[in-house]
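Worksheet: one structure, shown below.
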Amino acid sequence: MSNTDTHDPTSLRTPIVAVLGHVDHGKTSLLDKIRGSAVIEGEAGAITQHIGATAVPLDIISSIAGDLVDPDDFDLPGLLFIDTPGHHSFTTLRSRGGALADIAILVVDVNDGFQPQTLEALDILKRSQTPFIVAANKIDTVPGWDPNEDAPINDTYESQSDRVRQRLDESLYEIIGNLSDEGFSADLYWRVQNFQRNVGVVPVSAMTGEGVPDLLTVMMGLSQRYMKEEMEIDVSGPGVGTVLEVKEEKGFGKTVDIVLYDGTIKEDDTIVVGGQNDPIVTEVRALLQPRPLAEIRTESRFENVDEVGAAAGIKVAAPELGDAMAGAPVRVVRDRDLDEVIEEVQAELASIAVDTAEEGVVVKADTLGSLEAMADALDEAEVPIVRAEVGDVAPRDISVASTAEDPKQQVILGFNVDVLSDAEHRAETDDVTIFTDEVIYQLVEEYDEYVEGIEQAQQ
Ligand code: GDP
């Protein structure tokens with residue numbers, strides 16, 4: 001069986017959406033709400049299962065959005081949401097012609113405003129030139145908010161009590177103010193304009209679902225208006241995608257969860273995947289999609305499919321995937337020249353490669369995208385890097401760090417990664433300091449403080 005919803009005859013693929021924002025601002029809840037609404041609206045079985053992503057077809061968006069979305073006005077087949085909120089993989093490819101995320105939702109808690117990860121996400125979005133919409137979340141917590149009033153994007157502004165309006169206005173103005181130094185016109189957040197420059201802010205509640213129809217409507221509208229051309233794909237061409245995660249899977253060994261944004265991938269296809277060292281050339285053994293919950297008995301959680309078309313999230317089982325990197329490109333060779341495809345993958349990886357110095361700190365990160373973001377932040381802070389890699393902190397990283405002569409460089413900075421236990425042990429004996437964090441900004445700050453401490457001690 002193949003993914004029927006992805007073989008659109010118009011050859012326009014589904015735009016891919018990433019959800020970003022500060023921890024606890026409601027990314028997971030918002031995705032859950034969107035998924036939940038889609039399941040409620042869709043007939044059982046109408047929704048294709050994906051790995052690492054949720055597809056919401058146009059007709060279901062239209063049911064959720066009610067009068068706001070008339071399916072006849074749209075050619076795009078729906079929206080594909082990447083399920084891992086805050087995932088950094090998507091940041092690597094956009095500026096190089098490919099796109100893991102075509103569009104993003106930046107979730108901001110109306111009470112908490114812009115926080116370090118919000119700013120980090122904003123930086124990434126600007127750098128990768130990914131269009132985005134702000135979901136001003138948790139409006140249900142605004143004192144006096146009445147969910148029975150009209151939905152926010154239409155005329156809540158007129159109909160809620162002054163007190164609530166003022167409270168929400170303050171939050172939204174703060175958010176908008178943070179988005180640009182140029183300032184915005186008063187009613188900007190209702191009127192989403194040229195969205196590369198001006199940014200739409202949609203008040204939502206991931207808890208009650210209020211504003212979610214509006215958010216989906218705005219996303220569909222913007223995608224249709226600004227991105228239709230970019231969504232034109234060769235539906236049956238050799239697939240192009242990005243690795244979301246590398247995972248050990250019982251019975252399959254190391255597998256990669258990928259998002260396919262162009263063409264198709266089939267069983268037995270030869271593929272080239274970006275690896276820690278050289279590009280990995282291997283053959284697809286199985287394409288796995290999650291089985292619908294109702295069908296899971298004692299057998300595998302997965303169902304084999306012969307072929308998948310963009311845009312889709314799918315698990316690929318193939319030999320030799322141990323070295324694959326999250327955020328790295330995946331390309332199907334099929335009738336193309338293998339060397340040419342390998343070169344393309346190499347070129348893509350080279351363009352993401354971090355400049356390293358003779359001496360510096362060791363950097364580890366969970367994906368290529370986050371590694372790039374880390375390198376940028378360290379470059380700005382004028383911290384040289386001797387080695388930058390995707391993956392957990394391993395003993396060989398300790399070896400590298402321990403050879404530094406300057407104690408300020410006997411350091412490993414790990415973003416969103418674990419420290420393997422033998423590495424931890426080795427770090428103690430070799431006098432290597434490891435910092436790990438889930439916020440780049442905080443990681444750099446911790447390192448700065450550490451350096452200050454050393455400098456003070458030296459005086
Ligand atoms: P994430 O870290 O960004 O994925 O945030 P979560 O989705 O895990 O949400 C963090 C907390 O905020 C959880 O306790 C959620 O229940 C709560 N939360 C998320 N969205 C809303 C909302 O719209 N209203 C309220 N009242 N709580 C919310």
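Laboratory data are not the source of any read-out in this text; all were calculated from the coordinates shown. What you see is a predicted model; the values in this text were computed from it and never measured. Quick reminder, even Gly has a Cβ in these numbers, built from the backbone with ideal geometry, and neighbours come from all protein chains shown.
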Packing-ranked peptide list from 387-395, 369-377, highest mean Cβ count within 10 angstrom first, is 369-377, 387-395
With x for Gly and Pro, the residue-by-residue ³J(HN,Hα) of segment 451-459, computed from phi through the Karplus equation 6.51 cos²θ - 1.76 cosθ + 1.60 at θ = phi - 60° and given in whole Hz, is 5, 4, x, 5, 5, 5, 5, 6, 6
In nm, the gap between the two label points placed 7 Å beyond Cα toward Cβ at Asn111 and Asp140 is 1.3
extent check for segment 210-266: Cα max minus min per principal axis, descending, whole Å, gives 43, 34, 13
In the neighbourhood of Ala326 defined by beta carbon distances under 13 Å, the net charge of the other residues (Lys, Arg +1; Asp, Glu -1) is -4
For Glu449 and Ala347, extending 7 Å from Cα along the Cα-Cβ vector and measuring point to point gives, in nm, a value of 4.5
Most packed first (mean Cβ within 10 Å per residue), the peptides 117-127, 307-317 order as 307-317, 117-127
